[in-house]
Every structure is written in C-alpha cells, then in structure tokens.
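Step one of this worksheet: look at the structure below.
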Amino acid sequence: MSLNVSDLSISRGGVKVLEGMGFTTIPGQAVIFRGPNGIGKTTLLRTLAGLQPVLGGRIEVDPENLVYSGHLDGLKAMLSVGENLAFWASVYGNRDITEAVKAFELNKLLERLAGTLSAGQKRRTSLARFPVSGRSIWIADEPTVSLDSKAANMFKRCVEQHLELGGMAIIATHVDIGLPAAIEIDLSLHKPGVEKMRKIHEV
Amino acid sequence: MGALVSRDLKLAVRAGGGFGLGVAFFLILVSMVSFGVGPQGDLLSRISTGMLWVGAILSCLLSLDRIFALDWEDGSLELLATSPLPLELVVLAKALVHWLTTGLPLVFASPIFGALLNLEGPGYIAIAFSLLVGTPALSMIGAFGAALTVGIKRGGLLLSLLVLPFYVPTLIFGALMARTGANGSDYTSYLLLLSGITCGTIALLPFAAAAVLKINLR
C-alpha cells in the first residue's frame, strides 16, 4: 500500500512539462509539491489520480486507495452540506460523516445549502470529502486556497491525524501548510532540459 | 450508482433543476401545431402520431446539455471519474435520471396531448406505449452526445446537430408503431424493432460515452 513513481514525464496540451520525476511514499508520509505557476503541479496531481495519461515512466499505485480533490469544490449548490457529504460517503461505500464534520467544524452548516456558503466554507466542505472517502492516499491540489488560518489549521490537523493512522497525502501548494516531516519536492528541478543542463555543468 | 441517481433526482426537482420543463415545452409545441394547422380534424388526426413523436424528441433535446455540463462546471465530474464508480455506470445513471425526468413524464402526458391533435381512439395506448419503449433510447443517445460535447462552451447547438440524426431510426419506428396502432392494426413488428434499438443503445453507448468522457476530462 504505497505510491511509487519512477522516471515519470508528463505533458499538458501536448507540451512536455515535467520529466525525470521519481519519489516513493510510504504509509504515514506526506509529499508536498512546490514550484511557480504553470510548472505542472496540477497536471502532475491529475496524472497521479489517473485523469491524464502518462507520457513516460511509471506510476505504481492501487487506484482503489486514491482520493482526489482539484481546484473546484465539486459541491452541488442546491444540496445541503450534509447531503453533499452523504452523497460522497455512499459513493465511497461509507455511511459515517460525523468524523469529517467534526474535523472541519461543519455541524452548524449541515442544513445550509452549499450554494449559500462563503468560499472558505465551501472549501472546508470540499476538503471534508477526504476523511469521508475512507481512502488512504489523499491527493490535494491547493487545498488551503481561500481558507483562513483557523480553517487551514483544521486541514493540517486532519492530515496529521490521517498520517498517524498510516495514511498518505500528496499536496501541491504555494503556502506553508505546516507539516515539517513532509518530503518537499521542488518541481522546477524537473523542468524538461534542467537535468541535461546540470550534467553539462558538472562535466 | 443508486446514490448518484437519487442525488440527481433530488437536484432535478429542486429550484433550477429543470424537472417538468420538457412536458411544458411538449404542451406548447403540440398546441402550436394545432393552432398552426387550424380546425381541420381529419388532417390533424392523420399527422398526430408523427407530431407527438417529433414533439417528444424536441422536448428531450431541450435538457440534454444539462446531463454532464453542470457536473463538469462545478468539478464533480472529475471527482466522479476518480471515484470508485465506473464511468460507464455514471453515464447509465445520468441517462436514467434524464429519462425519469424527461421521457417518462412525456409517456404519461402524450395521451392527454393526443386529444389536442384529434388522435384516433386506439392511438392513445399506442402512442404512450411507443414512447415508453422508445424514449430510453433518446436519453441514452443524448447522454452519448452530451459526453461528446462536454467542456465545449455553449455547445448546445452542436449537441443538437450531432444527436438529431441519430434520433431518426427511433423516430421512424416509434412513429410507425404509433400510427399503425392508431389505425387499429397490429404493431408487434415495429414494437420489436423499436425495443431492439433501445436495448442496443443501452448495451453499447455507456461504454462509448465513458471512453469519450475520459478523453474530454484530460
């Protein structure tokens, strides 16, 4: 039950954006991707989640362990917070959303329609899908966008708890989430051509 | 799959969900035909089954672009594609909900609207029966078309142009079955052909639509 990536290269819109990516995640570990806009963070996460085909290299993971969350919240405006979460719980074969509701302090919002929430509250509801899914490898793209420091802290605590229980998290972010034990990978080192340039310099 | 069906049904009956739009459109279309043709009872009853079928197809078309577009816009389609639900079942669930909210109400409404078009006596059961058997194919073909055009901004017109030619066989055999029924003859052979089309689309198109969705989600 781990995620193994070796010599991965990926493309976006027909252009190669990253090459020579390799890392391994074991239970209890988090990986954080950093890099400037357009470097390919989202493309990499979408590729790991199986939404995009790989250009080269290998991703060894059981898709049954993955849960993905992208830039968009994926909430239905005309359903309440509770109904939104209950839907995803039953898609993932779970019944219980109370843990997730507690972790993101959503109990007062449960009856509210998702369309009436603020951007940060929507984000919190969306992030609550992670614990609701019951999956072990969380893939999160910019999870703390539009969250205040208190809510960002809720997410951090939720991830820490998940890691303690032997889960894994793969996160792309611009801000510091506050997971000191996480492996940080700077994607600008994997831009096509960078590897070759470094070898030339060494020679 | 049950969770997705019940979620989409819930969304359809809430504000902005579009439930009943198809029937309302059907009513307007049928009454416009009777206004347009004027008080010529025998002409109306001769074209009634064909008009009802064309009306059913147009009302079906009205809500096709909602099948995947809404889920695409808010990001849930991407999340569904990475969820344990196979995309084929997602497509099937979406087509089923489209049929339950659009096709099935038309089945019940068609005998009532048939009266507006001076439909012959035995035709009332025949038109409802032909729509009951034929409209699932309309939803399924429509879901495939919607999968093809998902992600295209204002792709509604393109979707109509793509889907309408594929509706022709269903229209031919559906209208033929209803007309034969209205004349009081035996329509078993047309019923079998129409059910064949419906079964064929339900068996094949979920796979095609899922493959297309996977490409469009890249």
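The values are calculated or read from the model by the stated rules, or taken from the named source; none is laboratory data. Nothing here was measured: the structure is a model prediction, and the numbers come from that model. Heads up, the Cβs are rebuilt from the backbone with ideal geometry, glycines too, and the neighbour counts pull from every protein chain shown. SASA here: full protein model, heavy atoms, side chains in, ligands and nucleic acids out. Shrake-Rupley method; radii C 1.70, N 1.55, O 1.52, S 1.80 Å.
Entry note, chain A: the mean residue ellipticity at 222 nm calculated from DSSP H runs of n ≥ 4, each adding -39500 (n - 2.57), is -9000 deg cm²/dmol after division by the residues and rounding to the nearest 500.
Give, to the nearest whole percent, the P(r) tail of chain B beyond 31 angstrom, counting all Cα pairs. That fraction is 21 percent. Normalising the average separation of contacting C-alpha pairs (under 8 angstrom, six or more residues apart) by the number of residues puts the relative contact order of chain A at 30 percent.
Taking only alpha carbon atoms, region A:1-132 gives an Rg to Rh ratio of 1.03, where Rh is the Kirkwood radius. Build a GNM of chain B with springs between Cα atoms under 10 Å apart, and of B:P206, B:P136, B:P105 the one that fluctuates most is B:P105. For region A:46-61, heavy-atom accessible area (probe 1.4 Å) falls by no less than 10 Å² from the chain alone to the full protein assembly at A:R46, A:A49, A:L51, A:Q52, A:P53. Can you tell me which of B:T170, B:T102, B:T180 moves the most in a GNM of chain B? Springs connect C-alpha atoms under 10 Å apart. Maximum fluctuation in the GNM of chain B, among the listed residues, is at B:T180.
If I take R0 = 35 Å and measure r between the Cβ atoms of A:L110 and A:L165 in this structure, what FRET efficiency does the formula 1/(1 + (r/R0)^6) give, to the nearest 0.05? With a Förster radius of 35 Å, E is 0.90. Where in region A:72-119 does accessible area fall by at least 40 Å² between the isolated chain and the complete protein assembly, at a 1.4 Å probe radius? Listed by number, the residues meeting the 40 Å² cut-off are A:L72, A:G74, A:K76, A:M78, A:L79, A:E83, A:F87, A:W88, A:V91.
Listed by number, the DSSP H helices of chain B that run 20 Å or longer by alpha-carbon position along their axis and have mean Kyte hydropathy of at least 1.0 are B:21-37, B:41-62, B:123-149, B:156-182, B:188-216. Solvent-accessible area lost on pairing A with B (1.4 Å probe, both sides summed) amounts to about 2100 Å². Once divided by 2.2 N^0.38 Å, the Cα radius of gyration of region B:65-147 becomes 1.38. For the protein assembly as shown, the ratio of Cα radius of gyration to the globular rule of thumb 2.2 N^0.38 Å stands at 1.19. Per the 1.4 Å probe, what fraction of the accessible area of chain B, in percent, lies on carbon and sulfur atoms? Exposed carbon and sulfur together represent 72 percent of the surface. Rolling a 1.4 angstrom probe over chain A with all protein chains present gives an accessible area of which 53% lies on carbon and sulfur atoms. Of the GluC sites (Glu not before Pro) found in region A:94-203, those that fall in a DSSP loop while having at most 15 other beta-carbon atoms within 10 Å are A:E105, A:E111. Note on chain A: with a GNM built from Cα contacts shorter than 10 Å, the maximum mean-square fluctuation among A:P27, A:P143, A:P192 falls on A:P192.
Projecting the Cα positions of B:T170, A:S6, A:L75 onto the charge dipole of the protein assembly as shown (unit charges on Cβ atoms of Lys, Arg, Asp and Glu, taken about the Cα centre) puts A:L75 furthest along the positive direction.
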